[in-house]
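Below is one structure, written out as structure tokens; comments come after it.
The values are calculated or read from the model by the stated rules, or taken from the named source; none is laboratory data. Since the model is a prediction, treat every value here as computed from it, not as a measurement. As a convention, Cβ positions derive from the backbone with ideal geometry for all residues, glycine included, and neighbour counts pool all protein chains shown. Protein only, heavy atoms only, side chains kept; ligands, DNA and RNA dropped before computing areas. Shrake-Rupley method; radii C 1.70, N 1.55, O 1.52, S 1.80 Å.
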Amino acid sequence: MHKFLRATQRVNVGQHFPAHTFFSFGHAVRWYSAQAKTASGGKQMPSGDKKVVDERFKKYSSTLLLPQSTFPMRMKSEDEMQMQMHCRDEAYRLNAVMGPPGREELSLSYTTTNEIQNSAMMSRDNEKVSAPCDGKSRRKQFVLHDGPPYANGDLHVGHAMNKILKDIINRYKILNGFSIHFVPGWDCHGLPIELKVLQNSSKLKGQQVTTTTAANNWEPMQIREQAKKFAMETIHKQMKDFKRWGVMGDWDNFYSTMNPSFEAGQLRVFAEMVKHGFIYRGERPVYWSPSSRTALAEAELEYPENHTSPSCTFLFPVNQRTGEHVLVWTTTPWTLVSNECICYHAEIEYSLEEATLSGETCSMWIAKALVEPLFVGKLNTPYRVIKSDLGKHVFPNLTYNDPLHIGATKRFYHGEHVSATQGTGLVHTAPGHGMEDFQVAHVEHGLPVTCPVGDDGHFSAQVRVPELVGKYIFSDGNRVVLDMLRQQKRLVHLEKNYVHKYPYDWRSKQPVIIRTTRQWFAQLKELREPAMRALDEVIMVPSVGRNRLSSFLERRNEWCISRQRVWGVPIPVFYYLDEKTGEENVLATETSIQHVISMVEKHGSDIWWTATVEELIAPEYRNSDRVYRKGTDTLDVWFDSGSSWHNVLHSPAQNELFPAD
């Protein structure tokens with residue numbers, strides 16, 4: 001067989017055998033043998049003689065009967081990529097829901113070779129593919145709105161899952177006869193991009209970057225210009241990768257939340273909410289990040305389980321009963337300077353226990369279920385039960401003295417949030433630093449709110465204890481308070497490094513606090529019912545996600561929408577002082593907001609920082625004796641993405657595409 005193959009190397013199949021003839025394998029062997037014999041002059045070819053073999057016939061490929069073509073057997077990698085991009089864009093173009101008359105067609109740009117363009121874009125009669133068909137007249141529409149990814153880094157597996165699943169849905173709908181509408185978008189504002197810009201700046205190399213350093217080193221427009229540049233670079237980088245993944249979409253008409261038309265549309269949503277009474281300014285406890293110097297939403301928190309705090313149990317003396325005290329437990333000693341009351345639970349059973357602490361015998365009220373964990377587990381000291389009773393029979397008429405607020409007499413109040421699972425069953429309550437504290441102490445009982453902590457987490461001059469002024473709450477602040485309790489012999493037990501879960505700023509990775517400040521809120525109570533009805537119509541996979549979202553909707557009454565940062569859409573309000581009361585009032589009318597919207601639509605949101613108050617305020621208010629100042633808060637970045645449906649689908653140019661499927 002080896003000799004046969006070598007002999008056949010001299011046979012030119014293309015010359016001696018008709019290409020259109022089909023034959024059996026046996027017929028081929030006999031024919032090749034005859035041709036080989038003829039080529040060798042009727043003699044058997046010597047097996048080792050390579051010189052008699054014509055160099056032209058060394059390749060076995062010359063014996064194969066294949067059609068002659070200039071089409072390459074294998075496409076080059078760069079050409080293959082261009083072909084994939086072409087197929088992706090053409091697939092969307094030919095199946096896209098076209099907008100109303102006057103909308104520009106998608107402009108597709110290619111850099112492929114002429115051969116690829118000719119083979120892919122020309123039909124059999126050598127005519128180009130026709131313009132996109134109008135799916136409105138012949139096919140049902142499917143509109144998939146793209147919730148925008150954040151423009152602050154490279155793509156990862158989360159982006160892949162999101163975009164590829166959406167692409168699968170779009171392709172499935174095309175196969176089922178639908179025209180599709182999918183406009184990709186990007187979320188561009190917010191603190192993450194601010195921090196990225198600062199971290200990448202040579203001006204701040206080697207520093208721990210926070211918005212505090214930004215305030216000290218940058219002007220607002222410097223941050224905004226650099227943030228805008230960074231976001232746009234990230235958009236183009238991510239878009240390139242999304243396209244490489246083969247994701248279909250209207251890439252030439254993508255939306256970004258920093259586009260002036262988008263920002264104006266977002267403010268129109270805000271104005272509509274103001275008109276219907278859903279927006280208000282109030283003093284509420286919010287999650288506050290001292291490292292970022294801004295309020296945070298719950299979604300911007302993470303809860304590491306290895307945070308350490310000083311866990312302390314201390315005594316507050318009861319006024320009406322000499323020698324009796326209440327035991328209180330906390331992991332935030334620095335908040336004791338803002339204490340306004342102590343909460344108990346009416347249905348929990350409490351015990352009055354007698355024990356010797358630091359050589360002195362005293363009587364202490366504590367939840368009965370927590371007696372043994374404290375006296376045996378932590379204090380390792382004998383105790384004696386004097387009496388026990390339900391909270392509603394013990395505390396309603398009692399008062400106590402606050403050791404850090406000398407001379408102040410304070411009361412006990414029932415709180416539904418109190419439990420007997422941890423601590424002492426008696427909760428130190430500071431309405432300036434807790435959600436439940438604020439509700440019970442201030443809302444239900446009208447107690448004052450004290451919050452002597454500044455934006456950076458240091459005690460301000462308003463703190464009741466002069467020794468604490470300027471101290472950082474998590475370090476020196478805690479230490480000074482504990483020293484005062486120890487000096488007054490009120491400290492019963494201290495665990496310096498109590499490990500527990502605690503909320504952190506997900507960007508700076510630093511602990512946050514609850515701090516009562518004046519913020520802008522969206523009222524959600526009236527929106528809860530329609531939101532729940534809409535959720536009932538949604539099919540969720542997996543279904544467990546419905547429970548999480550529905551519980552979130554049921555317990556949320558308001559949303560803090562204001563942020564103390566510069567890279568964002570401004571809250572378009574003005575402030576002025578009331579001459580009679582001296583209080584600060586707000587100008588946020590339909591006229592004043594619409595005037596700002598018109599300027600933002602023309603110049604972008606930068607105008608809020610570059611224009612004067614006189615230019616930004618509506619003409620109707622310019623001749624007033626009032627002295628106005630611009631607000632410095634921006635809208636929560638979730639307001640940006642949350643209003644994207646309005647700007648992408650409900651715009652005047654595409655009104656018929658609302659709502660999305």
- prompt: Quick one: would you say I539 is of a type in the set (V, I, T), outside any strand (DSSP E or B) and modelled with pLDDT of 95 or more?
  reply: no
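Of all the residues that make up region 431-467, how many are β-branched (V, I, T) and in a helix (DSSP H, G or I)?
Looking only at region 431-467, we keep the residues that are β-branched (V, I, T), and these are 440, 443, 449-450, 453, 463, 465.
If we keep only those that are in a helix (DSSP H, G or I) too, we end up with 440, 443.
The qualifying residues number 2.
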message: Residue pairs, Cβ under 7 Å, 6 or more apart or interchain, first in region 382-394 and under 25 Å from S358 (Cβ atoms), second among the charged types (D, E, K, R) and part of a helix (DSSP H, G or I). List them.
response: S388/K368
message: Just to be sure I understand, how many residues within region 159-193 are in a helix (DSSP H, G or I) and open to solvent by less than 40 Å² (accessible area, probe 1.4 Å)?
response: 10
Complete set of residues in region 233-254 that are within 21 Å of the chain's Cα centre (by Cα) and either within 19 Å of T610 (Cβ to Cβ) or among the small types (G, A, S) (or both): none
Strands (runs of 3 or more DSSP E) contained in region 219-317 and holding at least 2 residues touching a strand residue (DSSP E or B) at 6+ places or on another chain (Cβ under 8 Å) and open to solvent by 40 Å² or more (accessible area, probe 1.4 Å): 279-289
query: If you scan region 614-636, which residues turn out to be in a helix (DSSP H, G or I), open to solvent by less than 90 Å² (accessible area, probe 1.4 Å) and at pLDDT below 95?
result: P619, Y621
query: Which of the following residues is touching a Phe, Trp or Tyr at 6+ places or on another chain (Cβ under 8 Å) and either free of Cβ contacts under 8 Å to residues at least 40 places away in the same chain or part of a loop (DSSP other than H, G, I, E, B) (or both): G470, G477?
result: G470
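Output the residue which, of all residues in region 361-385 that are assigned to a strand (DSSP E or B) and either of a type in the set (D, E, K, R) or open to solvent by 70 Å² or more (accessible area, probe 1.4 Å) (or both), is modelled with the lowest pLDDT. Break it down into steps so the answer makes sense when it comes.
Of all residues in region 361-385, those assigned to a strand (DSSP E or B) come to 361-367, 383-385.
Checking which are either of a type in the set (D, E, K, R) or open to solvent by 70 Å² or more (accessible area, probe 1.4 Å) (or both) leaves us with 361, 383-385.
Values: T361: 89, Y383: 93, R384: 93, V385: 93.
Looking at residues that are assigned to a strand (DSSP E or B) and either of a type in the set (D, E, K, R) or open to solvent by 70 Å² or more (accessible area, probe 1.4 Å) (or both), I get T361.
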message: Taking the conditions exactly as written (within 30 Å of T356 (Cβ to Cβ), in contact with a Pro (Cβ under 6 Å, 6 or more places away or on another chain) and in contact (Cβ under 8 Å) with a residue 12 or more places away in the chain), does L482 satisfy them or not?
response: yes
message: Tell me yes or no: at least one residue of region 402-424 is touching a His at 6+ places or on another chain (Cβ under 6 Å) and surrounded by fewer than 19 Cβ atoms within 10 Å (Cβ to Cβ).
response: no
